[in-house]
Ligand code: AHR
């Protein structure tokens, strides 16, 4: 057995990064695969409520304490006519859905989705179609959703049985418009102009809304950087956030390299902040544009299987990644990375929520269960509220295929002043040995460990399935303790740790 490695860190209440916006624990439901149909909505399922929503799924989503959920796409939104999904269900058209080559039945639309979001105590983040449509359809949707009454669209909503406005606050101006795969793909100048005009009229309908402009689909796009700068040049005074998207995969089957991929996410965030601030300086603006990391996850397991799916079926099993234990560790590293930028990353959505690259899986007509990646998201959302603290970290490092100097210890701390709680989130990336952590908690010497949650597994490829849903799950037998004002803990090799402290 390899000798344990050692890491030291210092935490101080005064080393604040910023207040964590709870919306960074958001998620995403797209009209794609079985996310909506067979995921959140399945009339006739034994667990369905009178509206057709699966109560077993609602219960699992509630465990995530998910504050915001992006809808209805994704690539789907760029060909979507939102009017298809309102009014009597038997009158709604079936359409060829070109982004994912399926048939969309429109049995769920904006009203049903807003209702479902209410059931899981979540706010909706609505995307508008800037692919095949533009400012006119976008402003009508804002009016339909948010205007109280007395106009064509608001009265139509009322006539559909929704007396109160949905009051949707956050709106995405299209989706991944830099990508050639997108319906209505645009150059940065084309998109910047239409996003600016859509933003103006949407805010004129409801000045209280916040808007997210599309950034790059990932930082490997050839247009990355220039895209953000051009789009913000057009839209700076009209939008509030710029989006980031990224997905990682362990194609090379190299766990050390895979777990280091959150370093690329770190670089991505840092670069986008710099671009936002460059445009701010250039425009001599007082306004700060924040980041909405509204698609992030591991996505690669299902890519081959998806090529075999016949086009033009209803809700086929698309993008159904079955996540293993190492995926949960990278998801933990990605959550920690976003928390390190709590002052600028204000919204984030794990993509997606149910069945489609998701923490929750279901069987049509059958069970629902938690995938491995469910756990780090749930822990961060439940225990990661308050101020992010900047730890001073002294950790061993390693080199791998794509990265040099990868920290073995990936960590962040969150202080919840209201509840006198301090939580340390930590991943030990070491594949061979436990990491002996010594953490100086300056000025918080009255704190005691109340729980040390650990997610570990001897098999990095272990998964949860319908027949073995608890194969990978956390335990609370970690050994963290406070000794002489220091938190001492052995973080098992390849583990996700949540060390919860409270004032004694
Ligand atoms: O989340 C799956 C897809 O990934 C989304 O539809 C798209 O925005 C991204 O490319």
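Report the equivalent ellipsoid semi-axes for the chain in whole Å, largest first, defined as the square roots of five times the eigenvalues of the gyration tensor built from alpha carbon atoms. Before the final figure, lay out the partial values.
On the way: eigenvalues 281, 136, 95 Å².
Semi-axes (√(5λ), whole Å): 38, 26, 22.
Fewest first, what order do 194, 463, 427 take by the number of other Cβ atoms within 10 Å?
Neighbour counts put them in this order, fewest first: 463, 194, 427.
Pairs of alpha-carbon atoms within less than 8 angstrom and 6+ residues apart define the contacts here; what relative contact order does the chain have, in percent?
Relative CO of the chain lands at 20 percent.
Quote to one decimal, in nm, the extra length available between residue 151 and residue 322 on full extension: 0.36 nm per residue of separation minus the C-alpha distance between them.
56.9 nm
Can you sort 400, 145 by how many other beta carbons sit within 10 Å, fewest first?
Least crowded to most crowded, the residues run 400, 145.
Once the piece of chain linking residue 254 and residue 397 is laid out straight, how much longer is it, given 0.36 nm per residue of separation minus the C-alpha distance between them?
49.8 nm
Ranked by Cβ crowding within 10 angstrom, fewest neighbours first, how are 196, 439 ordered?
Values: 196 20, 439 25.
So the residues, fewest neighbours to most, are 196, 439.
How much of the DSSP bridge set in the chain is antiparallel, in percent, rounded to the nearest 5?
Close to 55 percent.
Measuring from a point 7 Å past the Cα of residue 476 along Cα-to-C-beta, which residues in segment 389-425 have an amide N at less than 13 Å?
No residue passes the distance filter.
At a Förster radius of 60 Å, what calculated FRET efficiency corresponds to the Cβ-Cβ distance of residue 51 and residue 284, to the nearest 0.05? All intermediate terms of the calculation are to be shown ahead of the outcome.
On the way: r = 51 Å, r/R0 = 0.85.
That gives a FRET efficiency of 0.75.
Quote to one decimal, in nm, the extra length available between residue 382 and residue 459 on full extension: 0.36 nm per residue of separation minus the C-alpha distance between them. Each step should come with its number before you reach the end.
Details: separation 77, 0.36 × 77 = 27.72 nm, distance 2.67 nm.
Contour length minus the Cα-Cα distance gives 25.1 nm.
Every read-out reported here was derived from the displayed coordinates using simple, explicitly stated rules and does not represent laboratory data. Quick caveat: nothing in here was measured; it's all calculated off a predicted structure. Glycine also receives a Cβ, built like all others from the backbone with ideal geometry; neighbour counts cover every protein chain displayed.
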